[in-house]
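Reading through the structure tokens given below for one structure.
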Amino acid sequence: MSDLETCRGRAVVAQPGDGLSFWQPKPANGHADPMLYPALTGFDGLSMGFQTIAPGGRIRAHAHGDQVELQICFAGAGHVLVDGARHELQPGTACFLGPDVVHEIVNDSAADLVQLWVIGPGGLEDFFRAIGRERRPGEAAPEPFERPADVAAIERAQGFDKTGPA
């Protein structure tokens, strides 16, 4: 049975605060909020959500070996380095990141940077769960915390090509 057959006739409408949410460790801080993902939709082909990067935070340089990622700057400002080239981020900036494209997102502003992400095939929510801590709506941000000691193994299991500093 194809992926399309597993979700034929199925619809999911997710409201803010309904889904998963995970506090993220250093250096990103902030939180990741997967909204639509295979366990919810029945479709393994993609996952979608938001990632909030705290002021001064960053998503380390990395690439996805077997995934395509779309990112749209939803709120805030910063920059993305794509294969070493700097591009400014502002609401509405859209990025297509094919497999093996090294990218790093930096919030160099004083406000949260919020990125909408869509990745295919799905599964990024599993990475956020593995490295983060469960977040409940309305709770205060925790003190910045370290990533798990086995983050390299977690990244490999999720198909990341770790290209940035540890």
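Inside the range 33-87, counting only strands (runs of 3 or more DSSP E) that do not spill past its ends, which hold 3 or more residues that are within 19 Å of I131 (Cα to Cα) and open to solvent by less than 30 Å² (accessible area, probe 1.4 Å)? Steps first, answer last, please.
Details: elements: 47-53, 58-64, 68-75, 78-82.
Filter on the range 33-87 gives 47-53, 58-64.
May I ask you to say which residue of V106, V118 is within 19 Å of V82 (Cβ to Cβ), touching a Lys or Arg at 6+ places or on another chain (Cβ under 6 Å) and not aromatic (F, W, Y)? Write out each step before concluding.
Details: V118 fails: touching a Lys or Arg at 6+ places or on another chain (Cβ under 6 Å).
When all the criteria are applied, what remains is V106.
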List the pairs whose first member sits in the range 91-113 and is touching a residue at least 40 places away in the same chain (Cβ under 8 Å) and of a type in the set (D, E, K, R), whose second member is open to solvent by 60 Å² or more (accessible area, probe 1.4 Å) and assigned to a strand (DSSP E or B), and whose Cβ atoms are under 9 Å apart, counting only residues at least 6 apart or on separate chains? D100/D161; E104/R58; D108/R58
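Collect the residues in the range 116-146 that are more than 21 Å from D18 (Cα to Cα), more than 15 Å from the chain's Cα centre (by Cα) and open to solvent by 20 Å² or more (accessible area, probe 1.4 Å), keeping them in residue-number order. Please lay out each step first, then the result.
Taking the range 116-146 first, the residues more than 21 Å from D18 (Cα to Cα) are 120-121, 143-146.
Add one more test, that the residue is more than 15 Å from the chain's Cα centre (by Cα), and what stays is 143-146.
Those that are more than 21 Å from D18 (Cα to Cα), more than 15 Å from the chain's Cα centre (by Cα) and open to solvent by 20 Å² or more (accessible area, probe 1.4 Å): E143, P144, E146.
Scan the range 88-107 for residues that are in a strand (DSSP E or B), within 15 Å of the chain's Cα centre (by Cα) and buried (at least 16 other Cβ atoms within 10 Å of the Cβ) and jot them down. Reasoning before the result, please.
We begin by selecting, within the range 88-107, every residue in a strand (DSSP E or B); these are 88-89, 94-97, 103-106.
Narrowing further to those that are within 15 Å of the chain's Cα centre (by Cα): 94-97, 103-106.
If the condition is that a residue be in a strand (DSSP E or B), within 15 Å of the chain's Cα centre (by Cα) and buried (at least 16 other Cβ atoms within 10 Å of the Cβ), then C95, L97, H103, E104, I105, V106 are the ones that fit.
The values are calculated or read from the model by the stated rules, or taken from the named source; none is laboratory data. Every value quoted in this text rests on a predicted model; they were computed, and no experiment measured them. All Cβ positions, glycine included, derive from the backbone under ideal geometry; neighbour counts span all protein chains shown. These area figures cover heavy atoms from the full protein model, side chains too; ligands, DNA and RNA do not enter into them. Shrake-Rupley method; radii C 1.70, N 1.55, O 1.52, S 1.80 Å.
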